[in-house]
1. Just to confirm my filter: which helices (runs of 4 or more DSSP H) fall fully inside segment A:330-404 and include at least 2 residues that are touching an Asp or Glu at 6+ places or on another chain (Cβ under 9 Å) and among the hydroxyl-bearing types (Ser, Thr, Tyr)?
2. Of all strands (runs of 3 or more DSSP E) completely enclosed by segment B:40-153, which ones contain at least 1 residues that are away from ligand 1 (no atom under 16 Å from the Cβ) and under 29 Å from A:SER305 (Cβ atoms)?
3. Which members of segment A:14-60 meet the condition of being more than 28 Å from A:ASN223 (Cα to Cα) and crowded, with 19+ Cβ neighbours inside 10 Å?
4. Say we look at segment A:150-200 and pick out the residues that are within 10 Å of another protein chain (Cβ to nearest Cβ) and not in a helix (DSSP H, G or I); which of these is surrounded by the most Cβ atoms within 10 Å (Cβ to Cβ)?
5. Kindly provide the set of residues from segment B:137-162 that are within 12 Å of ligand 2 (Cβ to nearest atom) and not polar (S, T, N, Q), ordered by number.
6. Is at least one residue of segment A:129-149 assigned to a helix (DSSP H, G or I), more than 24 Å from A:LEU197 (Cβ to Cβ) and in the same structural domain as A:VAL204 (by TED's automatic domain parsing)?
7. Would a scan of segment B:104-121 turn up a residue that is within 16 Å of ligand 2 (Cβ to nearest atom) and under 23 Å from A:PRO378 (Cα atoms)?
8. Would you be able to tell me the number of residues in segment B:139-168 that are closer than 18 Å to B:THR76 by Cβ, within 12 Å of chain A (Cβ to nearest Cβ) and out of contact with any strand residue (DSSP E or B) (no Cβ under 8 Å at 6 or more places or on another chain)?
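The values are calculated or read from the model by the stated rules, or taken from the named source; none is laboratory data. Owing to the predicted nature of the structure, the values given are computational and were not obtained by experimental measurement. Quick reminder, even Gly has a Cβ in these numbers, built from the backbone with ideal geometry, and neighbours come from all protein chains shown.
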Amino acid sequence: MSGGTSNFQSNSRIVNWIEHRLPIFSFMDAQMNQYPTPKNLNYFWNFGSLAGIVLVIMIVSGITLAMSYTPHTEYAFTSVERIMRDVNSGWLIRYIHMNGASIFFIVVYIHIFRGLYYGSYKAPREILWMIGIFILLAMMATAFMGYVLPWGQMSFWGATVITNLFSAIPLVGDYIVQLLWGGFVVDNPTLNRFFSLHYLLPFVIVGLVFLHLWALHMHHSNNPTGVEIKDEKQDTIPFHPYYTIKDLYGLGLMMIFFAFFIFFAPNYFGHPDNYIMADPLVTPPHIVPEWYFLPFYAILRAFTSDYWVYQVISLGGTLMSAKLAGVIAMFASILVLLLLPWLDRSRVRSSKYRPLYRFFFWVFAIDCVILGWVGGLPPEGVLVTIGQWSTFWYFFHIIIIVPVVGVLERPKPLPDSIAASVTGATQAAE
Amino acid sequence: MSETANHAGQPTSGGAEIDEQTRRDFLIWSTAAVGAVGTAIAVWPFIDQMNPAADTLALASTEVDISQIAVGQSITVIWRGKPVFIRHRTPEEISEAESVSLDQLPDPQTDADRVVKPEWLVMVGVCTHLGCIPLGQKQGDSKGEFGGWFCPCHGSHYDTSGRIRKGPAPTNLPVPSYEFTDDNTVLIG
Ligand code: HEM
Ligand code: FES
């Protein structure tokens, strides 16, 4: 890692004894205290550290929930109710975990859109960005399996609908679904393995976060100008105390927001049907996933046999079924983000100096919100059309608009350096 | 012995060098291949444990008494954890199912291919789209546009033979293997 240079020294003989054998103190000093950070970061740069803290909160609340939770179809629902009523502070821990998942996704989505706006995915941060996408995928898998654990109606039917997606895969689809279930329906074996994996994946995320930070510390944070650090003395300040205090302030604000939901609207993000125990013989009339999956659910459902995009990519319906096309599109909507560093041809990072891209960025952000809105409503009437056009735009933006704008656009003049941007000098002013 | 020592050290001539290279390549590649196959074999049990276990497979058949089901009534029984619909069809339902021409069906199948005795329709009550349970078993349920079953999840309509007629589901409701052990008993599976 290329952190700050550490002049770490200690008077403690114990610390020096350890340092001589495992240089962990100088390492932490270089990476967390001295670490040079652009001096112009705005509040959008808080969301990375916030995500890390929420991850820790999820792990602590999850491990303590697991002490009273029973992963068995006959006991799971009642064990969660027991956590809510009888276990000391159980209600608090469960509400922290339940709402924590939503807070986690809010924070991470803002973090991702920050990257999109300021071009943080561009060289030399491609791998940093890609690891971030893998973290998102792991979070989604974790949250999906966690939602199954309380074994309510939405748990059961959400799991049924989502695992059934894999049956769209030609030839081996049904076999894969059976493998996922460990039976012929979502049942006890499914609940057991989901609990096992729900426990495992957050620690995989911790590992990915470590790689994410390692890649970050190679080339340091991007910043609102998108101009690289040129002179460490002029352009940067040490992480501690400047950004530790700024991150701490942001943390306070987030915790107020988080606590509001825990204490005053704990079921706001949830669905009332999940307080009914799973019944494999009765499907609720309207199945919806958790809010953070809604844009992707909308993309999945956009693919009906008469959708023109489906007709085009399946060569008039011959290549694959609409169901399979929907599944592929849903996964592709995330995986395509891995290619973004190469799709964006512009050498300027920050949207601040890219008026045309900035316009399309906001259209894209609104498009994602519309997808989320449509995904939560029954697919009827004009909503189907809106969902289909928003799905089209999602891919059109990433695959066509981003490369074309990158080539055609004339960016505004960039500041000479981070320091110059603070004092107002630009290249044009030279 | 001296030969082996020589191989490990400097080869004595150009010929020996080439010989050395191919021998070493062979060793490297065969070690890698054995390692890869061995790893694959070792990994398999850890994946296979996810497949249905022996006791899950053992629950494979269910016996049902159908003597109490009046004409026009349906019951739902559980087979392998899935709901199975058993319907005592009315003469109108049977003639409707039989009269449909195959080119109107997204998943063409005659009614005769889907029943053992026309008055009894036995099928798995799991929507072939994404696995919801279609409505139509109970008296007040919506039966869809074709008088059979209707899946509320994404709007699939099934006819009186359980065949898909409209909506996103790709195939008909599947018919499990079953037999009538006597006039009043069905053995499913
Ligand atoms: C990436 C971090 C995590 C995320 C996003 C996450 C997400 C979720 C979600 C959405 C639920 C459903 C909550 C509900 O509706 O009741 C849940 C439940 C649960 N999670 Fe996690 N989780 C995470 C980490 C963990 C960890 C590390 C454990 C440790 C074992 C854990 C244990 C549990 C348990 C026991 C439940 C069932 C109790 C309940 O439903 O409240 N979780 N999780
Ligand atoms: S699951 Fe029945 S229509 Fe989608």
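1. Numbers: elements: A:340-343, A:355-375, A:382-396.
Fully inside segment A:330-404 and qualifying: A:382-396.
2. Values: elements: B:62-65, B:74-79, B:82-88, B:120-124, B:147-151.
Those strands (runs of 3 or more DSSP E) span B:82-88, B:120-124, B:147-151.
3. A:MET58
4. A:VAL186
5. Of the residues in segment B:137-162, the ones within 12 Å of ligand 2 (Cβ to nearest atom) are B:144, B:149-158.
If the condition is that a residue be within 12 Å of ligand 2 (Cβ to nearest atom) and not polar (S, T, N, Q), then B:GLY144, B:TRP149, B:PHE150, B:CYS151, B:PRO152, B:CYS153, B:HIS154, B:GLY155, B:HIS157, B:TYR158 are the ones that fit.
6. Yes: one or more hits.
7. At the first step, the residues of segment B:104-121 found to be within 16 Å of ligand 2 (Cβ to nearest atom) are B:106-107.
Still in the list and also under 23 Å from A:PRO378 (Cα atoms): none.
No, the conditions are met nowhere in segment B:104-121.
8. The number of residues fulfilling the criteria is 1.
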